[in-house]
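Colleague: Pasting a structure here, questions to come.
The values are calculated or read from the model by the stated rules, or taken from the named source; none is laboratory data. It should be emphasised that the depicted structure is a prediction, and the values quoted were computed from it without experimental measurement. No Cβ is skipped: glycine too gets one built from the backbone with ideal geometry, and neighbour counts run over all protein chains shown. For the accessible areas, the whole protein counts, side chains as well, though only heavy atoms, and no ligand, DNA or RNA atoms are used. Shrake-Rupley method; radii C 1.70, N 1.55, O 1.52, S 1.80 Å.
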Amino acid sequence: MSGKRHTYPDAQQQCDALWLVLKESSRRLAGQRPCQTSATTGESNTKTARNFPSYDTVVSDITQSDYSENLRCPHDLRFLSGGDGCKTLCPHGVICKAKIEMFDQPSSIPHQGGSPQPYTGLLKPGHTVEHCIVRLSSAMRPPNDVVKNPVAQAVLRAAGSKLRKAKLFPCAAIKCFRGDNKNSANALFSGCKVGQSETDYFAHCQCTQLSERMSPALKPLVRPFWKYSDHPLSLGISDYCAFDVDGKPPEEGGIQFPYVLILNPVMKMGGDTSTNASLERLNSAFATGTSLDPSQHSTESTSKGSRGKKKKEKSIRNSEPFDKFLDDLEKIEPGTTLFDLFACPDPLSVPDPTRLIRIGRIVTVSEMLPSPPNDNLFFRHQRKEDDFQLRPGWKKDTKTKCSVGKDRGTIAKLAGWELFEEHIQTKKYVDFEAQCS
């Protein structure tokens, strides 16, 4: 008599169960935060003030903590492995349920030598990964508070004005659920190591790899991570492609996965962006019946008014609390496309914009909820060594010397958000959606 096969929760059941836990945590742990006055309305705002760790605390955590659990923990909630689950890096964020729409792959791909084998698992072309949880955050607050830690002081002094003027350190994490008792797949993305000067979370690309090019001042912060990986600035992707949403492995050809994944923002936040300004002008024209022809408006008065408005908006933005970006993110509605998803196929493709591929998009399917530091939500990190074990030649290829514009170095030193953002802006990339439409 054969035993009955055990039935495991499918991807939807796992996602829904975790979402219920996170909704309760958001309600219970976010609670009523300290009241702060809004610079735009002058009214009290109980959703603005958040307690972010100081720069000293972040640096101490990086240099002293044990990160091995980030590589080992198989759970979606940190406390299940015995951890306290309280985050120092990326402490506060927002979360939503989302889906990844993967575009069909055309039969022939320009500049790719024919049609390479399609990616497998969750990145399989022509499929939608329906059950995901996305978390958006800033790695830390701007380092403009009192700095006492000697290492933090040295880093801040030597890193130059870019770090001192940083407003945000955008990071994103995407968790996709799989059936048949398979662990969730996790991908983590980040932008510039020293932050960005813009207050718009969606100002720049994020990717699964940080460039190894850095000032000597940052090396003390990165050095501890070498205890856990020979490639601490690169995260593995192969697990994302090891199983599909049903937990099934590829039927033939083995696991097919890219070298780097890139998130290119589709959303824009803030009233000063050209996209939002254009939409406002268009809506106003439709509402009032006025012409959109610039020749029918006073250029001089419009220019003066625009300059005055921009100056006022900039003054308001500078007086807003750092974490207002989270309040803005919480307003994003279901059905919003957050990012286009790009893939760089292999290390040797890094310098060439024609080898970059737009393979999908990430769309919200729920409201945004606050994600406090102690909600225990956990995203496992995959070591790049896992990818190199499946693609032994890639490790050697990352040491290949190359030049992109005025930048020269190895593939590992150049591959990062800035290079890929420049590639995307050239519009020379392969667009699966456009070629299959």
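Colleague: How many of the residues in the stretch 217-239 are modelled with pLDDT of 80 or more and in a helix (DSSP H, G or I)?
Modeller: Within the stretch 217-239, residues that are modelled with pLDDT of 80 or more and in a helix (DSSP H, G or I) number 2.
Colleague: Another question about this same structure. Please go through the stretch 401-429 and give me each residue that is at pLDDT 95 or above and either more than 25 Å from L188 (Cβ to Cβ) or basic (K, R) (or both), ordered by number.
Modeller: T426, K427, K428, listed by residue number.
Colleague: Within the stretch 240-247, is there a residue that is modelled with pLDDT of 95 or more and surrounded by fewer than 14 Cβ atoms within 10 Å (Cβ to Cβ)?
Modeller: Within the stretch 240-247, one or more residues are modelled with pLDDT of 95 or more and surrounded by fewer than 14 Cβ atoms within 10 Å (Cβ to Cβ).
Colleague: Does E385 meet the test of being touching a His at 6+ places or on another chain (Cβ under 8 Å), open to solvent by 20 Å² or more (accessible area, probe 1.4 Å), part of a helix (DSSP H, G or I) and within 20 Å of C192 (Cβ to Cβ)? Lay out the reasoning, then the answer.
Modeller: Working: touching a His at 6+ places or on another chain (Cβ under 8 Å): yes; open to solvent by 20 Å² or more (accessible area, probe 1.4 Å): yes; part of a helix (DSSP H, G or I): yes; within 20 Å of C192 (Cβ to Cβ): no.
Judged against the criteria, E385 is not a match.
Colleague: Kindly list, by first and then second residue, each pair from a residue in the stretch 9-25 that is among the aromatic types (F, W, Y) to a residue that is surrounded by 14 or more Cβ atoms within 10 Å (Cβ to Cβ), limited to pairs with Cβ atoms under 7 Å and residues at least 6 apart or on different chains.
Modeller: Between residues of the stretch 9-25 that are among the aromatic types (F, W, Y) and residues that are surrounded by 14 or more Cβ atoms within 10 Å (Cβ to Cβ), the close pairs are W19/K97; W19/I133.
Colleague: Which condition from (1) modelled with pLDDT under 80; (2) under 27 Å from M368 (Cβ atoms); (3) open to solvent by 50 Å² or more (accessible area, probe 1.4 Å) is the one that Q12 breaks?
Modeller: Unmet for Q12, out of (1) modelled with pLDDT under 80; (2) under 27 Å from M368 (Cβ atoms); (3) open to solvent by 50 Å² or more (accessible area, probe 1.4 Å): (1).
Colleague: Which of the residues that make up the stretch 388-437 are open to solvent by 40 Å² or more (accessible area, probe 1.4 Å), among the small types (G, A, S) and not in a helix (DSSP H, G or I)?
Modeller: Hits for the stretch 388-437 are S403, G405, S437.
Colleague: On the given criteria, is G254 within 19 Å of E422 (Cα to Cα), modelled with pLDDT of 55 or more and small (G, A, S)?
Modeller: Answer is no for this residue.
Colleague: Given the criterion at pLDDT 60 or above, small (G, A, S), more than 23 Å from F177 (Cβ to Cβ) and surrounded by 14 or more Cβ atoms within 10 Å (Cβ to Cβ), identify the matching residue among S38, S54, S26, S68. It would help to see each step written out before you state the result.
Modeller: On the way: S38 fails: at pLDDT 60 or above; S26 fails: more than 23 Å from F177 (Cβ to Cβ); S68 fails: surrounded by 14 or more Cβ atoms within 10 Å (Cβ to Cβ).
Within the list S38, S54, S26, S68, the selection yields S54.
Colleague: Answer with yes or no whether A203 is open to solvent by 20 Å² or more (accessible area, probe 1.4 Å), within 28 Å of L22 (Cβ to Cβ), at pLDDT 90 or above and hydrophobic (A, V, I, L, M, F, W, C).
Modeller: Yes: the conditions hold for A203.
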